[in-house]
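The values are calculated or read from the model by the stated rules, or taken from the named source; none is laboratory data. The structure displayed is predicted, hence computed values, not measured ones. Note that each Cβ is placed from the backbone with ideal geometry, even for glycine, and that neighbours are counted across all protein chains shown.
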Amino acid sequence: MTDLNNTSPIVAVFASDRGPGDPERASIMSQAGTYFAKRGARLLCLAENGVIPVPLITAARAAGGQVQIVGDTSVVLPPALNGVTMEALAMREERLARVAQLAHAYVALPGSLASASALFGAWVAAKSLGKAPPVLMLNRHKAYEVMRGYAADVLSPGLAGYERAVQFADSVEDLWARLSRLVNEGR
């Protein structure tokens, strides 16, 4: 794990290409993995119940990026991920706490209910550690439009600085611009 202790931001990316929904999720993962890695971000991914964001990880590695996986003990990495560091933890709470401990920011790509649930669990774990990493969501094809409306209608009047806590982007490039600004402001 010490390989992730340099000055580049550690970005926990929550993504899944399983289940119903947008058929281009694998393509979005590949684009985000490449874009973030080329800009120096180190990616942290959660792998549970056999769900591993392989397109994200392979694209980031192909672009020269560093990736670490925090997974459950049942996860077996496919051959395409040989050499990727994986920390296996039996309990979900332990995995989410580890992600919360390491990450400077959370990114949600369009995915499944499982990836959204993992994002929320990691956010709760971070709060219990006294951390408040920014959450950025790629709102491609309005994937997070309900959350965007909730943030505008419910969070904005009652939570000062909510715009620093959660942001939405319509492209990977915009996502990165917001992410890098928020991480740099938080340091």
Reported set for segment 51-90 where residues are outside any loop (DSSP other than H, G, I, E, B) and acidic (Asp, Glu) is GLU87
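Residue by residue, here is whether (1) in a helix (DSSP H, G or I); (2) surrounded by 16 or more Cβ atoms within 10 Å (Cβ to Cβ) holds:
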site	(1), (2)
PRO110	no, yes
ALA122	yes, yes
ALA126	yes, yes
LEU136	no, yes
VAL154	yes, no
Identify all residues within segment 122-142 that are over 12 Å from the mean Cα position of the chain (by Cα) and either touching a residue at least 12 places away in the same chain (Cβ under 8 Å) or more than 22 Å from ALA26 (Cα to Cα) (or both); write none if there are none.
VAL124, ALA125, ALA126, LYS127, SER128, LEU129, GLY130, LYS131, ALA132, ASN139, ARG140, HIS141
Filter result for LEU77 (in contact (Cβ under 8 Å) with a residue 40 or more places away in the chain and either of a type outside the set (Asp, Glu) or buried (at least 16 other Cβ atoms within 10 Å of the Cβ) (or both)):
no
Would you confirm, using the coordinates I've provided, whether ALA103 is among the small types (Gly, Ala, Ser), more than 21 Å from SER171 (Cα to Cα), loosely packed, with under 15 Cβ neighbours inside 10 Å and at pLDDT 95 or above?
no
Can you tell me which condition VAL99 does not meet? The list is (1) touching a helix residue (DSSP H, G or I) at 6+ places or on another chain (Cβ under 7 Å); (2) without any contact (Cβ under 8 Å) to a residue 60 or more places away in the chain; (3) hydrophobic (A, V, I, L, M, F, W, C), and all the others hold.
(2)
Does at least one position in segment 134-157 carry a residue that is modelled with pLDDT of 90 or more and within 16 Å of ALA47 (Cβ to Cβ)?
no
Residue that is of a type in the set (A, V, I, L, M, F, W, C) and touching a strand residue (DSSP E or B) at 6+ places or on another chain (Cβ under 6 Å), where the choices are VAL154, VAL172, VAL107, VAL76:
VAL107
Failed condition for ALA59, given (1) surrounded by 22 or more Cβ atoms within 10 Å (Cβ to Cβ); (2) under 24 Å from ARG164 (Cβ atoms); (3) hydrophobic (A, V, I, L, M, F, W, C):
(2)
Of the residues ALA41, ALA47, only one is touching a strand residue (DSSP E or B) at 6+ places or on another chain (Cβ under 8 Å), at pLDDT 90 or above and within 21 Å of SER74 (Cβ to Cβ); which?
ALA47
